[in-house]
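Engineer: The following block contains the structure, expressed as structure tokens.
The values are calculated or read from the model by the stated rules, or taken from the named source; none is laboratory data. Predicted model, so just to flag it, every value in this text is computed and none were measured. Using ideal geometry, Cβ is built from the backbone for each residue, glycine included, and neighbour counts are taken over all protein chains shown.
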Amino acid sequence: MQNVNEETITQIVLACHELAPDPRFKQIMTSVIQHLHAFARDVELTEDELYRGIQFLTDVGHITDDKRQEFILLSDTLGLSMLVTALNNRKPSGCTESTVFGPFFASNAPRYENGDDVANGAKGEPCFVSGRVTGLAGEPVANARIEVWQADSEGFYDIQYDGAESKGRGSLRSLEDGSFHFRSITAESYPIPHDGPVGRMLNALGRHPWRPAHLHFMIEAPGYERLITHVFRHGDRYLDSDAVFGVRSSLIADWTRHERGTAPDGTQADTPFSTLDFTFILNRATAAVQRRNGLGSAHGNDATAGNWRIDQGERIQ
Ligand code: BEZ
Ligand code: FE
């Protein structure tokens, strides 16, 4: 392969992969190379721009560690995460829609009972959350595992602070009738981490880093597809400009505000509080999806970034 030129290089590179043993990897790399070469031709990429792109990815790598996943932020802010979520979560209308997983899930969150306070000291106005987990025909889904996680009123998740204590996250189970309820804090909009290369990229593109207020949920039950989603807060100013493109109108709900007084759990709230009620409708799982989700087995085998992180810790039981 001598005298490679701008006309021949794409086919010559692809020909080098003829013997790649894994057909899926070969398919993916063939497409990546075709698109990268087409992109360079399209914009007539300069050598300086290529170097700056490489420097940018190097910076993304350097800032990434166990607590900060800048590559996920990059994928999220480029809309790639939401595209892959959409491609992999087509479901019948009426089922609760999926949205991005984000980088702030932590496996091994504390287990709670219905009625407990998952805030565990996280700063924010109290919020009383209730809801139901059902199937598409309205059948209650009992004993579903419900994971919730959220940022505090300062806009930070517990894992962004030094120290290991879980705050504003936990797991609980739906009751026999599919219902669940817990206490937490009222979700507020917050900016994604923007003090690194992804923040510089957003700035250079004239974009803001804000996400509308939301509460994350991951719900799993045998016989149903795993649901990874958020509930967004009606009225939030960033619903139409989410930095990671995650808003689905079906996921927007009222966080009803109440003056201080008797809370839904019968206690006296000495500050204003909010209530949220949301029904999650799960899609029935095919055998293949059940296997992919790892339900009923000790280890999952998942393709998404989110599930990759779930698999870093203990499996969901
Ligand atoms: C989140 O909602 O936690 C999130 C999602 C994508 C990027 C950053 C944060
Ligand atoms: Fe979030």
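Engineer: Does segment 196-254 hold any residues that are within 14 Å of ligand 2 (Cβ to nearest atom) and either of a type in the set (Gly, Ala, Ser) or not assigned by TED's automatic domain parsing to the domain that holds residue 99 (or both), and which are they?
Structural biologist: 213, 243, 246
Engineer: Got a number for residues in segment 120-151 being aliphatic (A, V, I, L, M) and closer than 17 Å to residue 284 by Cβ?
Structural biologist: Within segment 120-151, residues that are aliphatic (A, V, I, L, M) and closer than 17 Å to residue 284 by Cβ number 6.
Engineer: Can you say whether residue 237 is away from ligand 1 (no atom under 11 Å from the Cβ) and not in a loop (DSSP other than H, G, I, E, B), as far as the supplied structure shows?
Structural biologist: Considered against the rule, which asks whether it is away from ligand 1 (no atom under 11 Å from the Cβ) and not in a loop (DSSP other than H, G, I, E, B), residue 237 comes out as no.
Engineer: Of the residues 216, 208, 181, which single one is in a loop (DSSP other than H, G, I, E, B) and either surrounded by 20 or more Cβ atoms within 10 Å (Cβ to Cβ) or not charged (D, E, K, R) (or both)?
Structural biologist: The match here is 208.
Engineer: Moving on. Identify all residues within segment 90-143 that are over 30 Å from residue 69 (Cα atoms) and among the polar types (S, T, N, Q); write none if there are none.
Structural biologist: The answer is 93, 114, 130, 134, 143.
Engineer: Right, residue 52: under 26 Å from residue 103 (Cα atoms), part of a helix (DSSP H, G or I) and of a type in the set (Lys, Arg) or not?
Structural biologist: Judged against the criteria, residue 52 is a match.
Engineer: State whether one or more residues within segment 69-88 are more than 16 Å from ligand 1 (Cβ to nearest atom), assigned by TED's automatic domain parsing to the domain that holds residue 162 and either modelled with pLDDT of 95 or more or part of a helix (DSSP H, G or I) (or both).
Structural biologist: Yes: one or more hits.
Engineer: Which condition from (1) in contact (Cβ under 8 Å) with a residue 12 or more places away in the chain; (2) in contact with a Pro (Cβ under 7 Å, 6 or more places away or on another chain) is the one that residue 199 breaks?
Structural biologist: Among (1) in contact (Cβ under 8 Å) with a residue 12 or more places away in the chain; (2) in contact with a Pro (Cβ under 7 Å, 6 or more places away or on another chain), residue 199 violates only (1).
Engineer: Can you pull out the residues in segment 140-172 that are loosely packed, with under 15 Cβ neighbours inside 10 Å, in contact (Cβ under 8 Å) with a residue 24 or more places away in the chain and away from ligand 1 (no atom under 16 Å from the Cβ)?
Structural biologist: If the condition is that a residue be loosely packed, with under 15 Cβ neighbours inside 10 Å, in contact (Cβ under 8 Å) with a residue 24 or more places away in the chain and away from ligand 1 (no atom under 16 Å from the Cβ), then 142, 143, 165 are the ones that fit.
Per-residue answers, yes or no, for (1) of a type outside the set (Asp, Glu); (2) touching a residue at least 12 places away in the same chain (Cβ under 8 Å):
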residue: 49; (1), (2): no, no
residue: 73; (1), (2): yes, yes
residue: 83; (1), (2): yes, no
residue: 94; (1), (2): yes, yes
residue: 101; (1), (2): yes, yes
residue: 106; (1), (2): yes, yes
residue: 110; (1), (2): yes, yes
residue: 117; (1), (2): no, yes
residue: 123; (1), (2): yes, yes
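Engineer: Could you look through segment 148-169, keep only residues that are out of contact with any Phe, Trp or Tyr (no Cβ under 7 Å at 6 or more places or on another chain) and not in a loop (DSSP other than H, G, I, E, B), and pick out the one that is modelled with the highest pLDDT?
Structural biologist: Taking the candidates together, the pick is 158.
Engineer: Please find, among 6, 18, 47, 113, the residue that is touching a strand residue (DSSP E or B) at 6+ places or on another chain (Cβ under 8 Å) and surrounded by fewer than 11 Cβ atoms within 10 Å (Cβ to Cβ).
Structural biologist: Going through 6, 18, 47, 113 in turn, the sole match is 113.
Engineer: Still on this structure, I have one more. I'm checking my understanding of the structure. Among residues of segment 59-68 that are more than 16 Å from ligand 2 (Cβ to nearest atom) and part of a loop (DSSP other than H, G, I, E, B), which one is modelled with the highest pLDDT?
Structural biologist: Looking at the filtered set, the residue picked out is 64.
Engineer: Could you tell me which of the residues 202, 215, 136, 172 is hydrophobic (A, V, I, L, M, F, W, C) and touching a Phe, Trp or Tyr at 6+ places or on another chain (Cβ under 6 Å)?
Structural biologist: Among 202, 215, 136, 172, only 172 is hydrophobic (A, V, I, L, M, F, W, C) and touching a Phe, Trp or Tyr at 6+ places or on another chain (Cβ under 6 Å).
Engineer: Here is a check on your reading of the model: is residue 232 surrounded by 23 or more Cβ atoms within 10 Å (Cβ to Cβ) and in contact with a Gly (Cβ under 9 Å, 6 or more places away or on another chain)?
Structural biologist: Criteria met by residue 232.
Engineer: Just the residues that are more than 26 Å from residue 66 (Cα to Cα) and either out of contact with any Lys or Arg (no Cβ under 7 Å at 6 or more places or on another chain) or of a type in the set (Asp, Glu) (or both), please, taken from segment 149-183.
Structural biologist: Hits for segment 149-183 are 174, 175, 176, 177, 180, 181, 182, 183.
Engineer: Can you name the residue in segment 185-230 that is more than 25 Å from residue 154 (Cβ to Cβ) and among the charged types (D, E, K, R) and is also nearest to the chain's Cα centre (by Cα) among such residues?
Structural biologist: 226
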